[in-house]
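Chemist: Once you've had a glance at the structure underneath, I'll fire off some questions.
Every read-out reported here was derived from the displayed coordinates using simple, explicitly stated rules and does not represent laboratory data. Everything numeric in this text was worked out from a predicted model, so none of it was measured. With ideal geometry, Cβ positions are generated from the backbone for all residues, glycine too; neighbour counts draw on all protein chains shown.
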Amino acid sequence: MSRAPGLALTSECAKPASWVHWTLGLIAQLTLVGAVAAQGTAAEQTCVAAESTLPLTRFQDNGDGTVTDTESKLMWMRCPSGQRWVNARCTGKAATYNWVAAARQADQISSNGEAFFNDWRVPALRDLATITDRGCKNPRTNLVLFPGTPPTAFWTSTSRPGGKPEDMALALSFGAEGVLAARKEERFYVRFVRNAM
């Protein structure tokens, strides 16, 4: 386990407010490290609590493997496609898809009713960006909300602007890469979303 980021031991006595900040930061770090360990991911996520842009309080846990973002009004599957929500964790192996197959998978999940709603879709770039956390890396999201998220690219439904829409689309990496323009034949992960309200 790594040391909580931004913490330094000094010989000076800390003020009570700084102890509170330190304690909350340590709790957040330990919670996220625990979430990573529980999912069995090889990489170790690091987060700076003071820089977090994805607080747990913004989300409603629906108890069925989905969370609803009370700000964006989007409902997200907690697991990447290919995994299942079992006993409050993502199990199995996340699948990769080319761009067309990702959209077909959303249609299939919507039509067979296995995820309770019939309007799941591949998120637009602006949708997927709402669940990134600039205070975390490896991956850049909250692993309590979205356990098992690999620090790599996820498809969006957004075609690459300025190019031929049939050739290229945008993906968003939860690693260091950020937004990627990719050929639609490439294989990336996908997390489905729907409008909740």
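Chemist: Mind listing the long-range amide H neighbours of residue 82? Cut-off is under 5 Å, sequence gap 5 or more, other chains count too, H placed in the peptide plane at 1.01 Å from N.
Modeler: Under 5 Å from the amide H of residue 82 lie the amide H atoms of 95, each far enough along the sequence or on another chain.
Chemist: Kindly write out, for the range 144-150 in residue order, the coupling ³J(HN,Hα) from the Karplus curve 6.51 cos²θ - 1.76 cosθ + 1.60 (θ = phi - 60°), rounded to whole Hz, with x marking Gly and Pro.
Modeler: Once θ is set to phi - 60°, the couplings for the range 144-150 become 6, 6, 10, x, x, 6, x Hz.
Chemist: Select from the range 36-137 those trypsin sites (Lys or Arg not before Pro) which occupy a DSSP coil region and have at most 10 other Cβ atoms within 10 Å, ordered by residue number. Please report the intermediate quantities before stating the final value.
Modeler: Details: sites: 58, 73, 78, 84, 89, 93, 104, 121, 126, 134, 137; in loops: 73, 78, 93, 134.
Qualifying residues, ordered by number: 73, 93.
Chemist: Given labels modelled 7 Å from the Cα in the Cβ direction, how far is it in nm from residue 84 to residue 118?
Modeler: 2.4
Chemist: Out of all Cα-Cα pairs in the range 39-119, roughly what percent, to the nearest whole number, are more than 16 Å apart?
Modeler: Details: 2076 of 3240 pairs.
So the pairs more than 16 Å apart make up 64 percent of the total in the range 39-119.
Chemist: Dipole magnitude of the range 53-195 about its Cα centre, charges +1 at Lys/Arg Cβ and -1 at Asp/Glu Cβ only, in debye to the nearest 20? Before the final figure, lay out each step's value.
Modeler: Values: 19 positive and 14 negative charges, 50 e Å.
With Lys and Arg at +1 and Asp and Glu at -1, about 240 debye.
Chemist: May I ask you to work out the translational diffusion coefficient for the range 53-195 at 10 °C, viscosity 1.306 mPa s, via Stokes-Einstein with Rh from the Kirkwood sum over Cα pairs, reported in whole µm²/s? Don't skip to the answer; put the middle values down first.
Modeler: On the way: Rh = 15.1 Å.
The diffusion coefficient I find is 105 µm²/s.
Chemist: Using a cut-off of under 13 Å, list every residue of the range 114-147 whose amide N is near the label point 7 Å from the Cα of residue 62 along the Cα-to-beta-carbon line.
Modeler: 114-121
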